[in-house]
Amino acid sequence: MQASLVKYNTPILISTTGAAKGKKDKDRKKNAQPAMSQTEDILNSILPPREWTQEDQLWVQYVSSTPATRADVVNLQEDLDKWLQQRQARETGICPIREELYSQCFDELIRQVTIICAERGLLLLRVRDEIRMTICAYQSLYESSIAFGMRKALQAEQRRNQHNKKMKDLQVANKKLRDEVEELENKITQIEKHEAERREQEERKHKEEVEILKKMNAQRKEQLEAMLQAPKK
């Protein structure tokens, strides 16, 4: 059984065989429990007895009803500090180990106070339960916030992936359009070059035809003048 900061009595053996269960175990447990006072009943309701099985033996351990001395309180503080260090509890932030040890320390203080004044112990019990309920509420809120944050982060990651995919698709489409533009520009350049060469050939051909016509015209003009200058018979 794990040690606790809460002070318990010596364990009591209830049964020695695993088969002895049910009503017999309950009767043995009832017979093993000594007659208790009102304060002990209150202590057992606040801090229920611990039960465990070891080597087919059922043990029960009741919380101690012995009043605490000043030395007990000093030892409790020393044990708390020692166990915090031994179990390597974190000093700040959320730490289950530190929370467990301080909870045990508070239960032990409730035990000590209840022995002196049961009403005060019951009031401390209300305070303890309220604190635990508040901590559970904060823990639920924290877990809910974490879950909400994770959902938002996943949604943001999903949107980012969608935007990245869309951006890549647009980049591919843009590159395709650029390639088409470059291809069309090359075609236009080739067409312009071809048309320029064709126009140049036509101009050269036209010029040659004009030169031929000019020569022919000059020859005919010379022939006509020669015919006009010939003597009449």
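Among GLY121, GLY93, GLY149, which one moves the most in a GNM of the chain with springs linking Cα atoms closer than 10 Å?
GLY93
Once you put a point 7 Å from the Cα of ASN161 and another 7 Å from the Cα of VAL74, both along the Cβ direction, what distance in nm separates them?
Roughly 6.4 nm, to one decimal.
For a protection proxy built on the mean count of beta-carbon atoms within 10 angstrom, sort 179-191, 76-88 highest first, please. The partial results should precede the final answer.
On the way: 179-191: 10.0, 76-88: 13.2.
Highest mean packing first, the order is 76-88, 179-191.
Among LEU224, GLN158, ILE135, whose Cα lies farthest out toward the positive end of the dipole of the stretch 121-233, if unit charges sit on the beta carbon of Lys, Arg (+1) and Asp, Glu (-1)?
The residue sitting farthest along the positive end of the dipole is ILE135.
Mind checking the full-extension length gain between ARG198 and THR39? Use 0.36 nm per residue of separation minus the Cα-Cα distance, one decimal, nm. Walk me through the numbers before you get to the answer.
Details: separation 159, 0.36 × 159 = 57.24 nm, distance 12.02 nm.
Contour length minus Cα-Cα distance gives 45.2 nm.
Running a GNM on the chain with Cα contacts under 10 Å, which residue among ARG111, ARG204, ARG50 ends up with the highest mean-square fluctuation?
Of ARG111, ARG204, ARG50, the Gaussian network model singles out ARG204 as fluctuating most.
Out of SER144, VAL113, GLN201, whose Cα points farthest toward the positive end of the dipole of the chain (charges: +1 Lys, Arg; -1 Asp, Glu; placed on Cβ)?
Of the listed residues, the answer is GLN201.
Every read-out reported here was derived from the displayed coordinates using simple, explicitly stated rules and does not represent laboratory data. Since we're looking at a predicted model, the values are computed, not measured. Using ideal geometry, Cβ is built from the backbone for each residue, glycine included, and neighbour counts are taken over all protein chains shown.
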